[in-house]
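Beneath this line is the structure, given in structure tokens, with notes to follow.
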Amino acid sequence: QAIIAGRDGYLWFSTPKGLFRYNYMASGNEKMKRFNFSKNADLHIVSLYEDEAGYIWIGTFDNGLFRFNPENGKVIRFGEKEGLTNANVISMDGKDSVIWIATLGGIVQCRMKDPLQFGSDAGYIFKKLTFDDKRFDGFVYCVFIDRNGKAWFGTDGEGIMMYDGDKLHSFPELNSFKVVYSITEDAYNNIWFSTQFQGLYRYDGKHFRNFNLSNGL
């Protein structure tokens, strides 16, 4: 249901049976490890993110957000009481001390005073972002932070949008689709994103190129 590549070479992923870590350097049964970070056996994990300190953020349906320390098993849960505006966490990405969180209640930003700390000393501050733009009122499937710190959003209805820290940008030249499911960046700083019905797009900072069934996809 979710998968990330950790900085240490581990693969983290979730299934209906829980959270797992795959260590390609281990042997035998040590390759795969399941982590019981919650007493709730019915957690529906749909998003994962590894922060700068190596802690794993776990987004769920209906049960909010978790920050997990795989070294000692400690875990912190964030729900609406802690400042999360919605308990359904669809996508996450971040940079330095800031985590961007796409929920069913919109985009939430979590800022930490000290991301190397794990407990309350980290200073978690949650804030819902509106961007003062009515186009952004819809559902967001994914959030991605590029190397330059720009935030990209795959929306359900407004296509792809980008926030440069000052202004929210849309791309009217891409009027052939409205739904973006996933976003990533390659080694040459191209932004790639997948769409509903219109295949794959690559953006080099100036131009978009579409890959579909007629040209190789």
**Study point:** Output for the stretch 193-204, where each listed residue is part of a loop (DSSP other than H, G, I, E, B) and open to solvent by 40 Å² or more (accessible area, probe 1.4 Å)
**Key:** Gln196, Phe197, Gln198, Asp204
Review point. Hey, any hits in the stretch 137-145 for a residue that's small (Gly, Ala, Ser), within 23 Å of Tyr55 (Cα to Cα) and either surrounded by 14 or more Cβ atoms within 10 Å (Cβ to Cβ) or without any contact (Cβ under 8 Å) to a residue 40 or more places away in the chain (or both)?
Key: no
Check your understanding: If Asp96 passes every condition in (1) out of contact with any Phe, Trp or Tyr (no Cβ under 7 Å at 6 or more places or on another chain); (2) without any contact (Cβ under 8 Å) to a residue 40 or more places away in the chain; (3) surrounded by fewer than 18 Cβ atoms within 10 Å (Cβ to Cβ) but one, which one does it miss?
Key -> (2)
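Every residue, every condition in (1) at negative phi; (2) modelled with pLDDT of 90 or more; (3) out of contact with any Cys (no Cβ under 8 Å at 6 or more places or on another chain), yes or no:
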{"position": "Ile3", "(1), (2), (3)": "yes, yes, yes"}
{"position": "Arg7", "(1), (2), (3)": "yes, no, yes"}
{"position": "Lys17", "(1), (2), (3)": "yes, yes, yes"}
{"position": "Gly28", "(1), (2), (3)": "no, no, yes"}
{"position": "Met32", "(1), (2), (3)": "yes, yes, yes"}
{"position": "Phe37", "(1), (2), (3)": "yes, no, yes"}
{"position": "Val46", "(1), (2), (3)": "yes, yes, yes"}
Check your understanding: Does the stretch 178-192 hold any residues that are of a type outside the set (A, V, I, L, M) and either over 14 Å from the mean Cα position of the chain (by Cα) or in a loop (DSSP other than H, G, I, E, B) (or both), and which are they?
Key -> Lys178, Asp186, Tyr188, Asn189, Asn190, Trp192
Check your understanding: Applying the selection to the stretch 38-53, what residues are closer than 14 Å to Val75 by Cβ and without any contact (Cβ under 8 Å) to a residue 24 or more places away in the chain?
Key -> Lys39, Asn40
Review point. Taking into account only those residues within the stretch 1-37 that are polar (S, T, N, Q) and in a strand (DSSP E or B), which is farthest from Gly94 (Cα to Cα)?
Key: Thr15
Practice item. Could you give me the residue pairs with C-beta distances under 7 Å whose first residue belongs to the stretch 184-196 and is among the charged types (D, E, K, R) and modelled with pLDDT of 95 or more, whose second residue is part of a loop (DSSP other than H, G, I, E, B) and open to solvent by 70 Å² or more (accessible area, probe 1.4 Å) wherever it lies, and which are 6+ apart or on separate chains? Key: Glu185/Arg147
Check your understanding: Considering Gly9, Gly28, Gly54, Gly73, which residue is open to solvent by less than 30 Å² (accessible area, probe 1.4 Å) and either farther than 27 Å from Asn86 by Cα or not aliphatic (A, V, I, L, M) (or both)?
Key -> Gly54
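The values are calculated or read from the model by the stated rules, or taken from the named source; none is laboratory data. Note that the structure is a prediction, hence the values are computed from the model and not measured. As a convention, Cβ positions derive from the backbone with ideal geometry for all residues, glycine included, and neighbour counts pool all protein chains shown. Areas reflect the complete protein model, heavy atoms only, side chains present, ligands, DNA and RNA absent. Shrake-Rupley method; radii C 1.70, N 1.55, O 1.52, S 1.80 Å.
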